[in-house]
Amino acid sequence: VGKPVRDRLAPAEDQEKLVPDPALSACVLALAGGRFPVLQELIQLFEEECGEQLTAIRQALREGSASKLRSAAHLLRGAVGNFTESAAYQSARALELLGGNGDLAGATAVFPELEQELDRLHTALGRLVQKSGSTQDQT
Amino acid sequence: MKILVADDDRVTCRMLEALLAEWGHEAVGARDGARAWEFLQAADGPRIAILDWLMPHLDGLEVCRKVRALSTRQPPYLILLTVKGSRSDIVAGLRGGADDYLTKPFDPEELRARLQTGQRIVGLQRILADQVSDLEKALARVQQLQGLLPICCYCKSIRDDQNYWQEVESYISAHSQARFSHGVCPSCFQRVVETELKDVVHRQELPHAGSGR
């Protein structure tokens, strides 16, 4: 049997579980401990901000505006950085740098990766909210 | 302690406010540099500020420069919290007037520790400012006894700022910490007291001389 055995034998659902959640920042974890309403409010704000900046990035790519791309990616990076320093943050940073260098083709290639990583981050934050909420219900 | 949070990113701003509240501080939020500058100029403004660098209207570095140009004895403690993390950025930030520099994403415990340093510095500045103020008051009292004093040639009274003539003792007592105890110097004893004593003895002898007649 060739390696990796687990990957070849695991059903599709388990395959999804093998992808770990992005590491959440110490700030978020600190607030998740005792301030559940604040955590919910922050995630709500973050999702609004993400939506706005993703729209701005798509528009900048359509218009071919590197400066708008850089500006939107910078704001997105700042917002993402509050929650994680992992792939989503790095993708936003890469997009900001590509915008700064005027490399719109490179940015177009990186953008789907950013969207994918943001989806994973949203999922992880959703799980954290559920976990914090149930912990608070128990206390 | 009242702490200013200035950041155009509403998520960062809210997160900092929540963390500061968790640590027992009162957070004051500003979404641009101009508003931050307004807060920092107020007499009862925050003594510590966490400033983003890239902000609309006035950036964080400009806010630092403006604060440092103020002539105040108790300047606020300024922490730049920014995504700009290159060595040249850090040098420019600190040279521009920031007391401390932290890059985003930040660790909450590191920020908390740096805020404690800021509180310590602000406390020391307050003590120093109070001591300087006390010294200035003392110096002002000493200076009141310097300069040209109009004094009466005969009775030695001194004319004060309100054009009243005061005895030397009361004038000096009013303008300094000095107090007087009264005595007689040897020269005055010889000139005044001995003379008066002789007069008294002389007066006592006169009635005897008169009664013999």
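The values are calculated or read from the model by the stated rules, or taken from the named source; none is laboratory data. Values in this document were obtained by computation on a predicted structure and should not be read as measured data. Glycine also receives a Cβ, built like all others from the backbone with ideal geometry; neighbour counts cover every protein chain displayed. Remember, those area values only see protein heavy atoms, side chains included, never the ligands or the DNA or RNA. Shrake-Rupley method; radii C 1.70, N 1.55, O 1.52, S 1.80 Å.
Could you pull out every residue, at least 5 positions away or on a different chain, whose amide H is within less than 5 Å of the one on B:Ala30? Hs are placed 1.01 Å off N in the peptide plane, and Pro or chain starts have none.
B:Val5, B:Ala6, B:Asp7
Among B:Ile151, B:Ile50, B:Ile127, which one shows the highest mean-square fluctuation when chain B is modelled as a Gaussian network with alpha-carbon springs under 10 Å?
Per the Cα network of chain B with a 10 Å cutoff, B:Ile151 tops the list.
With unit charges on the beta carbons (Lys and Arg positive, Asp and Glu negative) and the dipole taken about the Cα centre of the protein assembly as shown, which residue among A:Phe46, B:Gln190, B:Gln116 sits farthest to the positive side?
The Cα lying farthest towards the positive end belongs to B:Gln190.
Computed FRET efficiency, Cβ-Cβ of B:Glu109 and B:Leu145, R0 51 Å: what is it to the nearest 0.05?
FRET efficiency, B:Glu109 to B:Leu145: 0.35.
Could you tell me the total accessible area buried at the B-A interface, probe 1.4 Å, in square angstrom to the nearest hundred?
1900 Å²
How well do other chains shield peptide B:4-17, expressed as the mean number of their Cβ atoms within 10 Å of each residue Cβ?
Rounded to a whole number, the mean comes out at 5.
So, by mean Cβ neighbours within 10 angstrom, what's the order for B:27-34, A:72-79 with the highest one leading?
With the highest mean Cβ count within 10 Å placed first, the list reads A:72-79, B:27-34.
Can you list residues whose amide H is under 5 Å from B:Lys2's amide H, if they're 5+ apart or on another chain and H is modeled 1.01 Å from N?
Placed amide hydrogens put B:Glu26, B:Arg47 under 5 Å from B:Lys2.
Among A:Pro37, B:Val91, A:Thr84, flag the residue with its Cα farthest along the positive direction of the charge dipole of the protein assembly as shown, charges on Cβ as +1 for Lys/Arg and -1 for Asp/Glu.
B:Val91
Please give the helix B:194-211 orientation as an angle from the longest Cα principal axis of chain B, in degrees from 0 to 90, rounded to the nearest 10.
For helix B:194-211, the angle is close to 30 degrees.
Under 19 Å between alpha carbons: how many lysine pairs meet that in the protein assembly as shown, if sequence neighbours fewer than 8 apart on the same chain are excluded?
4
Which residue, B:Lys137, B:Lys156, B:Lys198, has the most motion in a Gaussian network model of chain B that connects Cα atoms within less than 10 Å?
B:Lys198
Where does helix B:10-22 land angle-wise versus the long Cα axis of chain B, in degrees 0 to 90, nearest 10?
Its long axis makes an angle of about 50 degrees.
Over chain B, what is the relative contact order in percent, taking alpha-carbon pairs closer than 8 angstrom and at least six residues apart? Intermediate results must be reported in sequence, preceding the final value.
On the way: 250 pairs, mean separation 25.6, N = 213.
With pairs under 8 Å counted, the relative contact order is 12 percent.
Can you give me the long-range amide H partners of B:Gln166? Hydrogens built in the peptide plane at 1.01 Å from N, cutoff under 5 Å, separation of 5 or more residues or another chain.
Hits under the 5 Å cutoff: B:Ile158, B:Arg159, B:Asp160.
Give me the percent of accessible area attributable to carbon and sulfur for the protein assembly as shown, probe 1.4 angstrom. Walk me through the numbers before you get to the answer.
Details: 10770 of 20760 Å².
The C+S portion of the solvent-accessible surface of the protein assembly as shown is 52 percent.
Return one whole number: the accessible area per residue of region A:52-139 in Å², for a 1.4 Å probe.
Heavy-atom accessible area per residue stands at 50 Å².
Just for chain B, what percent of DSSP beta bridges are antiparallel, to the closest 5?
Around 15 percent of the beta bridges assigned by DSSP in chain B are antiparallel ones.
Are there any residues in region B:72-114 with a reduction of at least 20 Å² in accessible surface when going from the isolated chain to the assembly of protein chains? Probe 1.4 Å, please list them by number.
By number: B:Val83, B:Pro105, B:Phe106, B:Pro108.
Residue by residue, what Karplus-based ³J(HN,Hα) values in Hz, rounded to whole numbers, does region B:91-96 have, using 6.51, -1.76 and 1.60 with θ = phi - 60° and x for Gly and Pro?
Result, rounded to whole Hz: 4, 4, x, 5, 5, x.
Shielding by partners for A:70-79, please: the mean number of other protein chain Cβ atoms within 10 Å of each residue's Cβ.
Mean partner shielding for this stretch: 3.
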